[in-house]
Amino acid sequence: MNHSCTSGSKHLLNVIKNSRFSSDDLKKVVDPVISHNAFMKHFKNLLLSMLVDERRHIRELAVRRIVKARGSSSTVERRSFIFHKLNFKANQYIDMIDWFKCDVTEPQLQLILQ
């Protein structure tokens, strides 16, 4: 098991997949807890995982999303940590959120590295 922050989104997906074997009554209790505490589902953390993914097309997708965010004219000075709805049916960690409903901004780490 990799304990790096770049693997957090993958670990979250494993937690979700393992919780699917629970009974429906247990899912009613567990799902809100997972959703509320799933900081790795935030798009910035997902992008971080995507940037170091072993699959080239996932890394390229992350770069395209970051470049697109750089090009957007976001006037938001203070960024808030918004929790997006977690997709419990996701088969890949990149599908845990609906990217079309996210206002993707450039991750802070990339701002520092410029």
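The values are calculated or read from the model by the stated rules, or taken from the named source; none is laboratory data. What you see is a predicted model; the values in this text were computed from it and never measured. Cβ sites come from the backbone with ideal geometry, for glycine too, and all protein chains shown count toward neighbours.
For the stretch 86-105, give me each residue that is in a loop (DSSP other than H, G, I, E, B), free of Cβ contacts under 8 Å to residues at least 40 places away in the same chain and either in contact with a strand residue (DSSP E or B) (Cβ under 7 Å, 6 or more places away or on another chain) or of a type outside the set (S, T, N, Q) (or both). Residues satisfying the conditions are LYS89, ASP98, ASP103.
For every residue, the table says whether it meets (1) surrounded by fewer than 15 Cβ atoms within 10 Å (Cβ to Cβ); (2) modelled with pLDDT of 85 or more.
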{"residue": "VAL29", "(1), (2)": "yes, yes"}
{"residue": "ASP98", "(1), (2)": "yes, yes"}
{"residue": "THR105", "(1), (2)": "no, no"}
{"residue": "LEU109", "(1), (2)": "yes, no"}
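Scan the stretch 32-76 for residues that are of a type in the set (D, E, K, R), touching a helix residue (DSSP H, G or I) at 6+ places or on another chain (Cβ under 7 Å), surrounded by fewer than 19 Cβ atoms within 10 Å (Cβ to Cβ) and at pLDDT below 85 and the total you get is 0. Of the residues making up the stretch 7-16, not a single one is loosely packed, with under 12 Cβ neighbours inside 10 Å and either small (Gly, Ala, Ser) or at pLDDT below 90 (or both). Is it the case, given these coordinates, that ALA90 is under 23 Å from THR105 (Cβ atoms), out of contact with any Gly (no Cβ under 7 Å at 6 or more places or on another chain) and at pLDDT 90 or above? The answer is yes for ALA90.
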